[in-house]
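The values are calculated or read from the model by the stated rules, or taken from the named source; none is laboratory data. Since we're looking at a predicted model, the values are computed, not measured. Please note: Cβ atoms are built from the backbone with ideal geometry, for glycine as well, and neighbour counts cover all protein chains shown. Protein only, heavy atoms only, side chains kept; ligands, DNA and RNA dropped before computing areas. Shrake-Rupley method; radii C 1.70, N 1.55, O 1.52, S 1.80 Å.
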Amino acid sequence: MAMRQTPLTCSGHTRPVVDLAFSGITAYGYFLISACKDGKPMLRQGDTGDWIGTFLGHKGAVWGATLNKEATKAATAAADFTAKVWDAVTGDELLTLAHKHIVKSVNFTQDSNYLLTGGHDKVLRIYDLNKPEAEPQEISGHTSAIKKALWCNNDKQILSAADDKTVRLWDRSSMEVVKTLPFDASVSSMEYIPDGEVLVLSYGKTVAFYNALSLELIKTVDVPASVHSASLHPEKDFFVVGGDDFKLYKYDYSTKEELESYKGHFGPVHCVRFSPDGELYASGSEDGTLRLWQTAVGKTYGLWKCVLPEELVSENSDALYSTAPEIKA
């Protein structure tokens with residue numbers, strides 16, 4: 001009997017959720033940060049969606065948010081022309097990095113010592129977080145707003161996607177462009193998987209996978225709706241896609257076959273990411289909510305408890321619903 005996907009809904013935001021990111025796996029589990037147009041990024045326990053805290057200080061929409069691997073630091077990119085760095089344990093603001101225009105993307109190096117930013121002024125900036133008063137290194141070349149910028153190749157290179165319909169690979173030491181990928185449409189999302197050096201891009205109704213070092217195409221997959229975001233499972237078994245039709249699609253990575261599609265959101269899906277253990281994926285939407293979805297439906301994990309069909313008709317079935325959202329056959 002097929003199991004029904006029961007997503008966990010995380011409320012609290014008052015405007016569209018436009019970006020989300022997971023930490024690595026820590027001694028305390030893993031964590032999830034969300035960026036929202038309400039200007040109030042939120043930190044949650046990753047496997048349950050339980051709210052931990054809200055980072056207060058931005059004076060405009062927050063377009064990008066990230067955590068370092070250890071979940072000790074957070075960074076946010078906002079429409080108030082700043083990027084901010086936060087203590088993710090206390091919630092305290094550590095740094096405000098002034099920019100000349102709206103900031104869209106923030107990304108830590110693996111050692112958390114440097115922050116890469118990108119935004120509407122078309123310039124990539126590298127901040128030394130141990131010398132916050134020093135001027136950042138600046139890398140120019142994009143001709144339109146930068147949507148996403150990520151460290152890659154052990155932080156020796158940078159990948160950036162912009163509204164000029166290109167993705168560019170940069171060398172960190174020379175600050176020169178290594179390769180440029182042109183597209184017919186603006187790239188809507190970009191994810192970098194260090195294990196295996198895979199770059200996941202979405203544009204139009206297409207999800208494309210590239211080798212992140214050579215920028216050679218591995219494969220493309222066409223999907224039913226305009227894509228806003230795509231994410232590859234850590235084991236590279238599946239990838240998930242969210243976009244304009246409010247649905248989430250799950251595909252087999254090797255065969256490109258559509259495995260599942262779910263409608264849970266009440267607006268376009270702006271961002272989707274797998275958790276670091278691959279057990280769930282999180283989506284953020286125009287409807288102001290985050291939802292957590294199980295990769296393997298029916299598995300007991302986090303707040304999900306596998307309920308067998310005969311248990312649902314037992315006399316004390318009401319008790320099942322008091323503990324967690326249950327999965328029904």
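For this structure, a couple of remarks:
- The residues listed here are 272, 240, 207; of these, the one that is under 29 Å from residue 177 (Cα atoms) and under 13 Å from the mean Cα position of the chain (by Cα) is 272.
- From the options 76, 96, residue that is part of a strand (DSSP E or B), modelled with pLDDT of 95 or more, open to solvent by 10 Å² or more (accessible area, probe 1.4 Å) and under 20 Å from residue 42 (Cβ atoms): 96
- Residue check for residue 160: touching a residue at least 60 places away in the same chain (Cβ under 8 Å), crowded, with 18+ Cβ neighbours inside 10 Å and of a type in the set (S, T, N, Q): no
- Entirely in segment 1-57, the strands (runs of 3 or more DSSP E) that have 2 or more residues that are more than 21 Å from residue 77 (Cα to Cα) and touching a residue at least 40 places away in the same chain (Cβ under 8 Å): 8-10
- Single match in 18, 62 (criterion: surrounded by 20 or more Cβ atoms within 10 Å (Cβ to Cβ), within 16 Å of the chain's Cα centre (by Cα), over 23 Å from residue 276 (Cα atoms) and not aromatic (Phe, Trp, Tyr)): 62
- Residue within segment 171-186 that is charged (D, E, K, R) and in a strand (DSSP E or B) present: yes
- Unmet criterion (only one of (1) touching a Gly at 6+ places or on another chain (Cβ under 8 Å); (2) open to solvent by 40 Å² or more (accessible area, probe 1.4 Å); (3) not basic (Lys, Arg)) for residue 23: (2)
- Scanning segment 265-278 for residues that are touching a residue at least 40 places away in the same chain (Cβ under 8 Å) and surrounded by 20 or more Cβ atoms within 10 Å (Cβ to Cβ) yields 269, 270, 271, 272, 273, 274, 275.
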